[in-house]
1. Out of the residues in the stretch 87-110 meeting the condition of being part of a helix (DSSP H, G or I) and at pLDDT below 70, tell me which one is surrounded by the fewest Cβ atoms within 10 Å (Cβ to Cβ).
2. Quick one: residue 188 ticks every box in (1) out of contact with any helix residue (DSSP H, G or I) (no Cβ under 7 Å at 6 or more places or on another chain); (2) in a loop (DSSP other than H, G, I, E, B) except a single one, so which number is it?
3. Picking from 46, 57, which residue would you name as being modelled with pLDDT of 75 or more, in a helix (DSSP H, G or I) and at negative phi?
4. If we scan the stretch 63-78, do we find a residue that is over 17 Å from the mean Cα position of the chain (by Cα) and modelled with pLDDT under 60?
5. Looking at 179, 195, which one is touching a helix residue (DSSP H, G or I) at 6+ places or on another chain (Cβ under 9 Å) and under 28 Å from residue 66 (Cα atoms)?
């Protein structure tokens, strides 16, 4: 077993331990049978408090940022599980050829790649102003990075080690923004930068930075997962 496979074998255990610690902390903090129902209060206080023109972003990254971190953990667990399953199966690498799509698709993918990446980052950076954000923009970026693979020329575009570093860096940025709030005496992941003017691009405190981390992490995970699924298929069993 290679060093990379040995390191991946510890991933489910580390994630399970972290999840158990988070659930234990929640059970200790909230009395059993007394859930805190504050959704109505969130909607009433959102206007102007966090500086986000988009109510959904204010709730997802402001009042429920810890839940968003849990969603990122679920996505990470799903992609890791798929990778572990495929690693344990005898595989053969195949190149994705699109002969039936032809040269038109190859040229179109070349033109669409920068356009989709630009649209994806636009949605991510404007998530605190308009509907959309890190999850939606990250999916668009993942599709953009996967198009060359469909055209049969994406082997050199996605480097697995680079994707891992980008994904880990984005997740670390999300958590560090929360730790920075703790160092200032605030709650974990509580916005701490100046709110600014509502409706301006540079506003809403740390919410745009959180969405940027979410978008990059989602885009990197989905792009790597799609490429891995398309280029590695189980080898057929040879009947004896």
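The values are calculated or read from the model by the stated rules, or taken from the named source; none is laboratory data. Keep in mind that what you see is a predicted model, and the values were worked out from it rather than measured. Cβ coordinates were reconstructed from backbone atoms using ideal geometry, including for glycine residues, and neighbour counts include every protein chain displayed.
1. Only one residue tops the list, namely 102.
2. All conditions are met except number (1).
3. Step by step, each of 46, 57 is checked, and only 57 is modelled with pLDDT of 75 or more, in a helix (DSSP H, G or I) and at negative phi.
4. no
5. Only one candidate qualifies: 195.
Matching residues to (1) closer than 20 Å to residue 129 by Cα; (2) out of contact with any strand residue (DSSP E or B) (no Cβ under 7 Å at 6 or more places or on another chain); (3) loosely packed, with under 13 Cβ neighbours inside 10 Å; (4) without any contact (Cβ under 8 Å) to a residue 24 or more places away in the chain:
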residue	(1), (2), (3), (4)
182	no, yes, no, yes
213	yes, yes, no, no
216	yes, yes, no, no
219	no, yes, no, no
